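Written below as structure tokens is the structure these notes are about.
The values are calculated or read from the model by the stated rules, or taken from the named source; none is laboratory data. All values reported here derive from a predicted model rather than from experimental measurement. Counting neighbours? That spans all protein chains shown, and the Cβs are built from the backbone with ideal geometry, glycine included.
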């Protein structure tokens with residue numbers, strides 16, 4: 001019998017063999033899970049063409065404190081522990097680097113290294129942030145007159161001045177500390193292997209850390225004013241990005257062992273900072289919990305990793321119920337944060353599943369996400385994947401209500417969301433249809449969709465770009481109760497064949513209490529009804545009726561807008577072709593009732609206010625136009641005014657607007673207006689009319705007659721008497 005010798009292969013030997021393989025072949029294999037692929041093959045580790053010649057840093061270069069936050073008994077950390085306990089922190093740091101390269105047993109499905117591409121926009125962000133380009137750091141959508149991010153180069157031209165606040169908006173000052181250029185630089189490094197990007201990241205992060213010491217705490221009710229870099233939401237953003245940065249940089253030679261120890265220590269510190277300063281509610285708490293959960297799942301060798309996972313996942317489970325209405329709407333009542341929070345829940349669940357911890361999220365969690373997704377699905381416009389260049393920025397794909405800022409939600413992002421949701425809910429044929437742009441699955445239904453708890457409603461005749469869709473908001477929260485809200489109840493937007501005819505004014509500023517923010521939030525800067533041009537005093541919107549019939553869809557919303565004046569807005573979508581809006585301001589209040597309409601931007605001959613006919617029309621050369629006419633139960637006057645529309649912070653465009661005024665006495669039961677919105681190729685060739693059949697006003701019914709295209713339509717509603 002032939003005898004064989006058993007050879008024990010140690011972890012150290014495996015590393016040495018892999019190093020030899022890397023040096024000979026110039027290839028590296030990533031063993032950290034590789035996202036959607038089981039093995040990542042990439043070219044080299046940096047500009048050194050993949051040759052890895054490790055040199056242990058000196059003990060003085062290493063943050064020895066980093067080893068106190070690591071579980072040195074975790075599998076794969078044997079050599080780290082041996083060197084550290086031998087009083088060799090430099091060699092321990094090098095062994096830690098080997099651990100992250102070869103032994104870290106995690107999968108990050110949120111980063112697909114094999115599929116990594118670098119868009120022109122991302123490359124621009126990465127390049128702008130370099131020293132030689134003036135440290136132009138991407139901060140949200142804030143740009144200077146050259147359309148590049150503002151420079152944070154100091155006056156001497158040799159470093160960073162983090163105190164610069166060129167725009168003046170508090171959102172710019174706050175989001176600077178989310179370091180939104182770090183991930184684009186990481187992608188730029190990974191695609192190009194240009195060490196300038198990773199060297200910049202290391203140097204800039206070191207500088208930020210040195211100049212921004214953390215406060216002992218950051219209490220929600222008494223926030224320290226001099227520590228804006230430690231707002232817990234910004235800390236959460238940094239931690240989330242650190243989970244991504246590790247994937248792109250772990251093989252980079254420039255990410256040396258000394259830098260790695262700083263990375264590990266900072267990660268641990270910031271995760272614990274979040275845990276000690278969780279917000280009590282709002283989307284902030286959701287983002288914080290996501291960051292804590294991801295850090296624990298993706299860095300299991302951290303001493304507190306299991307506590308992080310417990311903390312983050314338990315809060316995420318709780319918040320799916322605490323922060324959401326039964327209809328799926330986020331109680332912050334802002335679509336921007338609603339969409340963002342879905343990704344927080346989804347990403348944590350995906351990472352948990354990819355790392356063997358599926359049980360962290362029960363079926364109820366998944367079903368809660370399904371309800372959230374339903375909101376985004378119905379609120380996006382039919383052009384979510386198709387761009388109409390003729391309208392430029394104003395061909396956006398989500399409503400502009402509140403703080404939504406639709407330029408944040410590009411078509412690429414929304415289409416990617418639909419595909420992510422399809423994968424999350426493979427049984428949903430409607431998501432399959434949206435994700436494939438109609439190639440498979442089942443088109444979602446047309447007609448009326450009500451989110452009564454969240455106070456948003458849609459009426460549509462289709463889901464393709466050529467469709468017509470109206471979105472209305474009539475929520476039960478004021479801006480005092482939900483900061484992202486505006487005084488906009490019974491406001492609407494109208495999309496027809498790729499064009500937004502009544503874009504909401506938007507937000508413009510995040511400076512709480514500023515004149516700009518208050519101006520854009522004003523009721524008369526929305527297409528709704530006001531009394532004496534002042535803000536409504538109550539937001540307690542309700543839906544009185546939603547009815548779908550063969551000849552029309554009917555939606556009736558109501559809000560007790562002022563003491564003594566309730567605004568009822570009834571909308572008929574007739575034959576899926578044109579809209580009729582009946583606005584009734586009823587009650588004992590006296591004053592001037594104003595019906596406000598704010599039109600889309602356009603040239604003087606493209607968007608026209610017809611004040612003498614109490615309306616407006618458009619005359620775009622592409623034949624996609626609208627005729628608007630209003631008819632009232634008492635004499636009215638129409639005043640042309642100038643409005644503004646802002647699709648991103650600190651940017652706005654003027655547009656035409658008008659106001660129809662009616663005097664109302666205390667004895668008048670109601671001020672009543674019938675408005676016809678008639679899509680047409682040529683508005684000048686259309687003739688419309690309307691009249692009241694039922695005057696005087698009744699709280700339980702209405703009957704009107706409208707004429708469009710020479711045909712009369714009798715429209716009516718009947719409501720149950722109020723208790």
Original post:
If you check residue 180 against the conditions, is it assigned to a helix (DSSP H, G or I), without any contact (Cβ under 8 Å) to a residue 60 or more places away in the chain and within 24 Å of residue 344 (Cβ to Cβ)?
Top reply: no
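List the strands (runs of 3 or more DSSP E) that sit entirely inside the range 422-539 and contain at least 2 residues that are under 25 Å from residue 371 (Cβ atoms) and modelled with pLDDT of 95 or more. Talk me through it step by step, then tell me what you get.
Values: elements: 447-451, 456-460, 468-473, 491-496, 529-531.
Counting at least 2 such residues, we get 447-451, 456-460, 468-473, 491-496.
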**OP:** Determine which single condition residue 278 fails, assuming it passes every other condition in (1) within 17 Å of residue 100 (Cβ to Cβ); (2) out of contact with any strand residue (DSSP E or B) (no Cβ under 9 Å at 6 or more places or on another chain).
**Re:** (1)
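To keep it simple, each residue is scored yes or no on (1) surrounded by fewer than 20 Cβ atoms within 10 Å (Cβ to Cβ); (2) under 30 Å from residue 684 (Cβ atoms).
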{"residue": "514", "(1), (2)": "yes, no"}
{"residue": "519", "(1), (2)": "yes, no"}
{"residue": "541", "(1), (2)": "no, no"}
{"residue": "546", "(1), (2)": "yes, no"}
{"residue": "577", "(1), (2)": "yes, yes"}
{"residue": "581", "(1), (2)": "no, yes"}
{"residue": "602", "(1), (2)": "yes, yes"}
{"residue": "615", "(1), (2)": "no, yes"}
{"residue": "624", "(1), (2)": "yes, yes"}
Original post:
Do we find a residue being modelled with pLDDT under 95, outside the structural domain of residue 512 (by TED's automatic domain parsing), surrounded by fewer than 20 Cβ atoms within 10 Å (Cβ to Cβ) and in a helix (DSSP H, G or I) anywhere in the range 244-265?
Top reply: no
Subject >> Every residue from the range 370-391 that is touching a helix residue (DSSP H, G or I) at 6+ places or on another chain (Cβ under 6 Å), buried (at least 20 other Cβ atoms within 10 Å of the Cβ) and modelled with pLDDT under 90 >> reply: 384
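Considering only residues that are outside any loop (DSSP other than H, G, I, E, B) and touching a helix residue (DSSP H, G or I) at 6+ places or on another chain (Cβ under 9 Å), look in the range 104-127 and name the one that is surrounded by the most Cβ atoms within 10 Å (Cβ to Cβ). I'd like the intermediate steps shown before the answer.
At the first step, the residues of the range 104-127 found to be outside any loop (DSSP other than H, G, I, E, B) are 120-127.
In the following step, the residues that additionally are touching a helix residue (DSSP H, G or I) at 6+ places or on another chain (Cβ under 9 Å) were identified as 121-127.
Values: 121: 11, 122: 19, 123: 16, 124: 18, 125: 23, 126: 28, 127: 20.
Here the answer is 126.
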Original post:
Across the range 282-328, what is the total count of residues that are touching a strand residue (DSSP E or B) at 6+ places or on another chain (Cβ under 8 Å), crowded, with 23+ Cβ neighbours inside 10 Å and in a helix (DSSP H, G or I)?
Top reply: 3
Subject >> Test set (1) in a helix (DSSP H, G or I); (2) farther than 30 Å from residue 282 by Cα - residue 554 fails condition number >> reply: (1)
Original post:
Quick one: in the range 637-650, which of the residues that are under 19 Å from residue 523 (Cβ atoms) and buried (at least 18 other Cβ atoms within 10 Å of the Cβ) is farthest from the chain's Cα centre (by Cα)?
Top reply: 638
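Among the listed residues 673, 697, which satisfies the condition of being assigned by TED's automatic domain parsing to the domain that holds residue 510, modelled with pLDDT of 95 or more and touching a strand residue (DSSP E or B) at 6+ places or on another chain (Cβ under 8 Å)? Break it down stepwise before answering.
Values: 697 fails: modelled with pLDDT of 95 or more.
The match here is 673.
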Original post:
Checking residue 362 against (1) surrounded by fewer than 21 Cβ atoms within 10 Å (Cβ to Cβ); (2) modelled with pLDDT under 95, which single condition isn't satisfied?
Top reply: (2)
Original post:
Among 589, 616, which is the only one that is on the phi < 0 side of the Ramachandran plot, more than 32 Å from the chain's Cα centre (by Cα), in the same structural domain as residue 534 (by TED's automatic domain parsing) and not in a strand (DSSP E or B)?
Top reply: 589
